[in-house]
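A short worksheet on the structure shown next.
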Amino acid sequence: MRPFHTEEHAREIDFDVIFFLATMALLVLGTVMIFSSSYFVSKELYGNGIAMTRRHLLHVIIGTVAMIGFMCTDYRKLCSRPLVFIGLIGSVIGLLLCFVPGIGHAGGHSRRWIGIGAFTFQASEVAKLALILFVANFLSKKSKNIKEFSTGIVPVLTIVALMCLLIFIEPDFGTAAAIGIWSLLILFMAGMRWKHLLWILGVAIPLGTLAMILEPYRKARLTAFLNPWNDMLGIGYQIIQSMVGFAKGGFLGSGLGAGSQKLFYLPAPHTDFILSVVGEELGFLGVALVAGLFGVWIWRGFSIALATNDSFGFYLVVGSVCLIGLQAALNMGVALSVFPTTGIALPFFSYGGSPLISTMCICGLVLSVSRRARL
């Protein structure tokens, strides 16, 4: 699935300026909203309202440096089986280390982090990068087999299933489900047969449903999604408070920093439900701006993919854009009560170093491809 280009209509570019500007706009707006949404949480936890913002800015710097590093690297050097193999093995080891006492760190009811001295990172974010490289490498060399289930589908799904299983038992059902959906989306775009997709969905949907209803806290999330008003002060509280935030914001919002839902009414205002703070303080226009910036980011990403002159670059960009776009769509859907709560962060916006840095690395990969694309 490689696009055809004619030399007379091609030109070399340094990098895609619109994609870069959309990335930086999302990063800046996300930082502003981190400051606004985390101020009182930070003051309560650390005695300093800007402590979390300062830490976020450190992650912004690290992520920006990483993005530039990837952008300046020839992405074709990443099309290496040994490198992909090392990435996958390293990711599996990292996910396993989350369960090792003294190394793995717990947060809430899950063990998703690895701590090395003062440095802590989320292992699943590294796994996402490894999977993007693996899928792009595999499809660039085996795309002719995509119609065959055993040779074109099974190898990818086997690796993805292993990663998803390790992430699922942390437990992190939302991330595991997102990666699973992403893998099927990429395989379908690469040419997977409809019947294969339907067979896989026929197995995955019942298993996913069982995973939700057999675990009490996941079942509670599903119940809250179906009717949050049945338990307004219990399992339905978070989604109700999210909707209250959007309702208070109206069309223009209450003003940056003037929102009240973040004053310990809305749980996780700086992470999973930061879009609700955007809705309250910047209104419908603010939410539309965020959605519009993601739309531009995705549009330019696919434009870069279609302009690449090799299949590895094409699948690298498509995989990257689909993963970030899917995460954004799921997070926004949760905040707007379109989907059950998943715990998936909003890229560029939700507080957390590992997701931000991995997102910036992915942006660097896309920009690296754009430097060698022909538009």
What's the number of the only condition in (1) assigned to a helix (DSSP H, G or I); (2) surrounded by 13 or more Cβ atoms within 10 Å (Cβ to Cβ); (3) out of contact with any Ser or Thr (no Cβ under 9 Å at 6 or more places or on another chain) that A247 fails to meet? (2)
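Please pick out the residue among R193, R221 that is on the phi < 0 side of the Ramachandran plot, within 23 Å of the chain's Cα centre (by Cα) and not aromatic (F, W, Y). Explain how you work it out, then say what you get.
Working: R193 fails: within 23 Å of the chain's Cα centre (by Cα).
Unique residue meeting the criteria: R221.
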Exactly one condition in (1) more than 24 Å from the chain's Cα centre (by Cα); (2) surrounded by 15 or more Cβ atoms within 10 Å (Cβ to Cβ); (3) of a type outside the set (D, E) is false for M52; which is it? (1)
Answer yes or no: is there a residue in the range 52-69 that is in contact with a helix residue (DSSP H, G or I) (Cβ under 6 Å, 6 or more places away or on another chain), part of a helix (DSSP H, G or I) and without any contact (Cβ under 8 Å) to a residue 40 or more places away in the chain. yes
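Determine, yes or no, whether Y351 is closer than 22 Å to Q238 by Cα and in contact with a helix residue (DSSP H, G or I) (Cβ under 7 Å, 6 or more places away or on another chain).
Working: closer than 22 Å to Q238 by Cα: yes; in contact with a helix residue (DSSP H, G or I) (Cβ under 7 Å, 6 or more places away or on another chain): yes.
Considered against the rule, which asks whether it is closer than 22 Å to Q238 by Cα and in contact with a helix residue (DSSP H, G or I) (Cβ under 7 Å, 6 or more places away or on another chain), Y351 comes out as yes.
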Candidate set from the range 22-44 (those that are closer than 14 Å to I357 by Cα and touching a residue at least 60 places away in the same chain (Cβ under 8 Å)); member that is surrounded by the most Cβ atoms within 10 Å (Cβ to Cβ): T23
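Restrict the check to the range 170-180 and report whether at least one residue is of a type in the set (D, E, K, R), surrounded by 13 or more Cβ atoms within 10 Å (Cβ to Cβ) and under 14 Å from F149 (Cα atoms). Talk me through it step by step, then tell me what you get.
So the first thing to find is which residues in the range 170-180 are of a type in the set (D, E, K, R), and the list is 170, 172.
Checking which are surrounded by 13 or more Cβ atoms within 10 Å (Cβ to Cβ) leaves us with 170, 172.
In the following step, the residues that additionally are under 14 Å from F149 (Cα atoms) were identified as none.
Checking the range 170-180: not a single residue is of a type in the set (D, E, K, R), surrounded by 13 or more Cβ atoms within 10 Å (Cβ to Cβ) and under 14 Å from F149 (Cα atoms).
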Any residue in the range 276-299 that is under 16 Å from S320 (Cα atoms) sitting within a Cβ distance under 9 Å of a residue that is at pLDDT below 95 and in a helix (DSSP H, G or I)? List the pairs, counting only those 6 or more apart or interchain. none
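L78 - would you say it is touching a residue at least 60 places away in the same chain (Cβ under 8 Å), of a type in the set (A, V, I, L, M, F, W, C) and within 22 Å of P355 (Cα to Cα)? Spell out how you get there, then give the answer.
Working: touching a residue at least 60 places away in the same chain (Cβ under 8 Å): yes; of a type in the set (A, V, I, L, M, F, W, C): yes; within 22 Å of P355 (Cα to Cα): yes.
It is true that L78 is touching a residue at least 60 places away in the same chain (Cβ under 8 Å), of a type in the set (A, V, I, L, M, F, W, C) and within 22 Å of P355 (Cα to Cα).
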Would you be able to say whether some residue in the range 121-137 is farther than 19 Å from T359 by Cβ and buried (at least 21 other Cβ atoms within 10 Å of the Cβ)? yes
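Suppose the filter is among the aromatic types (F, W, Y), closer than 23 Å to A177 by Cα and over 15 Å from the mean Cα position of the chain (by Cα); does Y315 pass it?
So Y315 passes the test.
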Please determine whether any residue of the range 336-343 is under 29 Å from L58 (Cβ atoms) and assigned to a helix (DSSP H, G or I). no
Counting only residues in the range 77-110 that are in contact with a strand residue (DSSP E or B) (Cβ under 8 Å, 6 or more places away or on another chain) and either of a type in the set (V, I, T) or part of a loop (DSSP other than H, G, I, E, B) (or both), the one surrounded by the fewest Cβ atoms within 10 Å (Cβ to Cβ) is identified as F99
Mind counting the residues in the range 221-239 that are surrounded by fewer than 17 Cβ atoms within 10 Å (Cβ to Cβ) and in a helix (DSSP H, G or I)? 6
For a quick check of your reading of the model, give me the residue pairs whose first member lies in the range 226-241 and is over 14 Å from S276 (Cβ atoms) and hydroxyl-bearing (S, T, Y), whose second is part of a loop (DSSP other than H, G, I, E, B) and modelled with pLDDT of 85 or more, with beta-carbon atoms closer than 8 Å and at least 6 apart or on different chains. none
Of the numbered conditions (1) over 23 Å from M52 (Cβ atoms); (2) touching a helix residue (DSSP H, G or I) at 6+ places or on another chain (Cβ under 6 Å); (3) not in a helix (DSSP H, G or I), N309 satisfies every one except a single condition; which is it? (2)
Counted residues in the range 142-166 being over 23 Å from the mean Cα position of the chain (by Cα) and without any contact (Cβ under 8 Å) to a residue 12 or more places away in the chain come to 6
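Conditions (1) over 15 Å from A268 (Cα atoms); (2) surrounded by 24 or more Cβ atoms within 10 Å (Cβ to Cβ); (3) at pLDDT 95 or above, marked per residue:
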{"site": "Y315", "(1), (2), (3)": "yes, yes, yes"}
{"site": "C322", "(1), (2), (3)": "yes, no, yes"}
{"site": "A328", "(1), (2), (3)": "yes, yes, yes"}
{"site": "V334", "(1), (2), (3)": "no, yes, no"}
{"site": "F339", "(1), (2), (3)": "yes, no, no"}
{"site": "M360", "(1), (2), (3)": "yes, yes, yes"}
Conditions (1) surrounded by 21 or more Cβ atoms within 10 Å (Cβ to Cβ); (2) modelled with pLDDT of 95 or more; (3) not aromatic (F, W, Y); number of the one not met by V296: (1)
Given the criteria polar (S, T, N, Q) and either closer than 16 Å to W182 by Cβ or surrounded by 23 or more Cβ atoms within 10 Å (Cβ to Cβ) (or both), does T151 qualify? no
Restricting attention to the range 238-262, report how many residues are under 21 Å from Y39 (Cα atoms) and among the β-branched types (V, I, T). 1
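The values are calculated or read from the model by the stated rules, or taken from the named source; none is laboratory data. Note that the coordinates shown come from a computational prediction; the quantities given were computed from them, not determined experimentally. Positions of Cβ are backbone-derived with ideal geometry, glycine not excepted, and every protein chain shown enters the neighbour counts.
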